[in-house]
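Notes follow once the structure below has been shown.
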Amino acid sequence: MRMDAALEFVDASKQYSGLFGRRRFHALEGFNLRVETGEILGFLGPNGAGKTTAIHLAMGFMRPTSGRGQLLGKPFGDAGTRDRVGFLPENVALYPRRAEQLVRFYGALNGMKAATLGRRTAQVLEMVNLQDDAKRNVSKFSRGMLQRVGLAQALVNDPELLILDEPTSALDPLARVAVRDLLLKARAAGKTIFLSSHLLSEVELVCDRVAVLHRGRLVRLGTTSELLQAGQRIQIVARGIAAANFTDAVARNGDISFSVPAGQQRMALERVWQLNGEVISVNPERHSLEEIFLQVTADTSKPAGAA
Amino acid sequence: MKPVLLIAINFVREQRWPILVLLLWVLLLAFLGLATDAARQSEDLLFVFKQVAVYVLAFSVFFGSSAIFNDRRSRRILSVLSKSVSRQQYLSGLVLGITIACGIYCFALGITGSWTLGEAGFPIAQVWFLMLCLIAACALAGTVALMFSTFLNPFFAAGATAAVMGLPAMVSYVTGSLQWGYVIPVYALAATVLKASFGAPSGLPWFPIVWAVAETLAFWLLSARIFSYVDIAVSVE
């Protein structure tokens, strides 16, 4: 039997319209996506692709024009379910109060008891490295610090599902590494993470699967490793032979590097050995997530889910 | 209930400066109480008391019409409603917050009024009854404003509230029929305060208070219904 997804969009569409229904804009169209329990799913797309709209639908901030979805087994908008969800909005906006008070306030809104709340607040502020600033008013905080308080309030209820909209956009490299570790620890603890980000290197490092959204449609979905593999080509690095022996081979520091279709890998290796060359490495050719992102967003005609 | 209380307290905290400004009027009354001979200038004191009392009604409309807008414009509403808080609870918190904010003012005015007017011979029980009328009127006016603010800009929400509150009162005035004044009893309650006098202390008409509470509940339910359809993440600018 198929397990319930932590988060699922079923044919969800969202249309914005101006006054009296004029100037309609489709932010999301026939969007289908399942975020499985225990995975980190990276949610990518250029600005205006509909990522934040999808997240807002999931959180119940807006209703889909058509279609539906479920969050931890309950339809979008069910308030009771949200005490098992942690949400970090794209632009963190918080009431001007001391960081500690603020995290306690949001924890209490989730129905947490005072006894556990105090302990948990201290814990999450330490997790985001704000323990020394806990007594300071957040109105005096930098954008990066605000983002960390935002992350702390999202984590305070120890959520099963974390929905993060650009969690590291304002953070310095050190804080980014800390957040990355935090996400990996959360996954190890069985949490599900839905991560929207523009930082492709970040997504590449932590996500199990990646979904790419473009103009409101899902244009690519697959495991990170599947997407990063450039299909059926193998990258071979060899030494002791001339580059001229292989098509498109590039010489660098005494080695040559070239790629061949996977079916010709054995033949290529035998040729290296015949020429008295030495094979240094054989690897499936990989693309960076950035290349894939640029490719799929340039080609909008691809159907959804075509990995 | 806990989220409602937390949102209400948070609202009062956010509105602490307007509340403090309101309390300055109470200080003015207290100053007059100290500086004047209460027995000889009782009518003047009562006039100032009544004037100062009805200001809170305007503030309740201001609180109600701007509460959701402020939270949506600053996007703070997203962090609140991303928790286990329903939209109905959020609105309940705001209604309670508006009532507490106005209640703080009415309580301070009640204490000052009991002292200053009490010295001039005005029945203290009646001072507190008038405060009760004011709180009921504020809760209703604030809730009506809140309802309009779920779909209107604060400026228009305040205007619409004034129209809804004022129209039955105007019809009542033109037709001479008192019943119209009770359609939205904010005017009837404000009139109870404004007509209070030493010479002929008015009775204690409880009906408008009870009716105002019932209407507050009705408008709160209507607000919640409307607000459940609002896309709160859409910019309000």
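The values are calculated or read from the model by the stated rules, or taken from the named source; none is laboratory data. These figures come from a predicted structure and were not determined experimentally. Cβ: placed from backbone, ideal geometry, glycine included. Neighbour counts: every protein chain shown.
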Checklist entry - Only one of A:Q70, A:Q15 is part of a strand (DSSP E or B) and modelled with pLDDT under 90; which? => result A:Q15
Checklist entry - Does at least one position in the range A:24-47 carry a residue that is at positive phi and free of Cβ contacts under 8 Å to residues at least 60 places away in the same chain? => result no
Checklist entry - Is the range B:16-26 home to any residue that is over 16 Å from the mean Cα position of the chain (by Cα), within 14 Å of chain A (Cβ to nearest Cβ) and at negative phi? => result yes
Checklist entry - Hey, among A:N129, A:N157, A:N137, which residue is over 18 Å from the mean Cα position of the chain (by Cα), surrounded by fewer than 21 Cβ atoms within 10 Å (Cβ to Cβ) and within 24 Å of B:V85 (Cβ to Cβ)? => result A:N137
Next on the checklist: Testing A:M62 on (1) at the interface with chain B (Cβ under 8 Å from one of its Cβ atoms); (2) outside any helix (DSSP H, G or I); (3) under 23 Å from the mean Cα position of the chain (by Cα); (4) under 24 Å from A:R148 (Cα atoms), one condition comes back false. Which one is that?
Outcome noted: (4)
Checklist entry - Would you pick out the residues in the range B:180-206 that are surrounded by fewer than 16 Cβ atoms within 10 Å (Cβ to Cβ) and either part of a loop (DSSP other than H, G, I, E, B) or modelled with pLDDT of 85 or more (or both)? => result B:K195, B:S197, B:F198, B:G199, B:A200, B:P201, B:S202, B:G203, B:L204, B:P205, B:W206
Next on the checklist: Suppose the filter is in contact with a helix residue (DSSP H, G or I) (Cβ under 9 Å, 6 or more places away or on another chain), surrounded by 21 or more Cβ atoms within 10 Å (Cβ to Cβ) and over 21 Å from A:L289 (Cβ atoms); does A:L151 pass it?
Outcome noted: yes
Next on the checklist: I'd like the full set of residues that are within 16 Å of B:S79 (Cβ to Cβ) and hydroxyl-bearing (S, T, Y), limited to the range A:93-139.
Outcome noted: A:Y95, A:Y106, A:T121, A:S139
Item to check | Within the range B:11-44, considering residues that are in contact (Cβ under 8 Å) with a residue 12 or more places away in the chain and among the small types (G, A, S), the one surrounded by the most Cβ atoms within 10 Å (Cβ to Cβ) | outcome: B:G33
Checklist entry - Hey, does the range B:61-82 have a residue that's within 14 Å of chain A (Cβ to nearest Cβ) and either farther than 21 Å from B:F227 by Cα or among the acidic types (D, E) (or both)? => result yes
Item to check | Residue list for the range B:83-98, filter: under 11 Å from B:S223 (Cα atoms) and at the interface with another protein chain (Cβ under 9 Å from one of its Cβ atoms) | outcome: B:R87, B:Q88
Checklist entry - Is the range B:133-154 home to any residue that is surrounded by fewer than 17 Cβ atoms within 10 Å (Cβ to Cβ), at pLDDT 85 or above and more than 14 Å from every other protein chain (Cβ to nearest Cβ)? => result no
Item to check | From the options A:R143, A:R119, residue that is in the same structural domain as A:L33 (by TED's automatic domain parsing) and touching a residue at least 12 places away in the same chain (Cβ under 8 Å) | outcome: A:R143
Checklist outcome for this item: When A:R266 is run through (1) farther than 29 Å from A:H26 by Cβ; (2) part of a strand (DSSP E or B); (3) basic (K, R), the failure sits at (2)
Checklist entry - With B:F62, B:F47 as the choices, which residue is surrounded by fewer than 22 Cβ atoms within 10 Å (Cβ to Cβ) and out of contact with any Pro (no Cβ under 8 Å at 6 or more places or on another chain)? => result B:F47
Checklist entry - For the range A:65-80, which residues satisfy the criterion of being buried (at least 18 other Cβ atoms within 10 Å of the Cβ) and at the interface with chain B (Cβ under 8 Å from one of its Cβ atoms)? => result A:A79
Next on the checklist: I'm trying to understand the selection: among the residues of the range A:91-121, which are surrounded by 15 or more Cβ atoms within 10 Å (Cβ to Cβ), more than 18 Å from B:I9 (Cβ to Cβ) and more than 10 Å from chain B (Cβ to nearest Cβ)?
Outcome noted: A:A99, A:R120
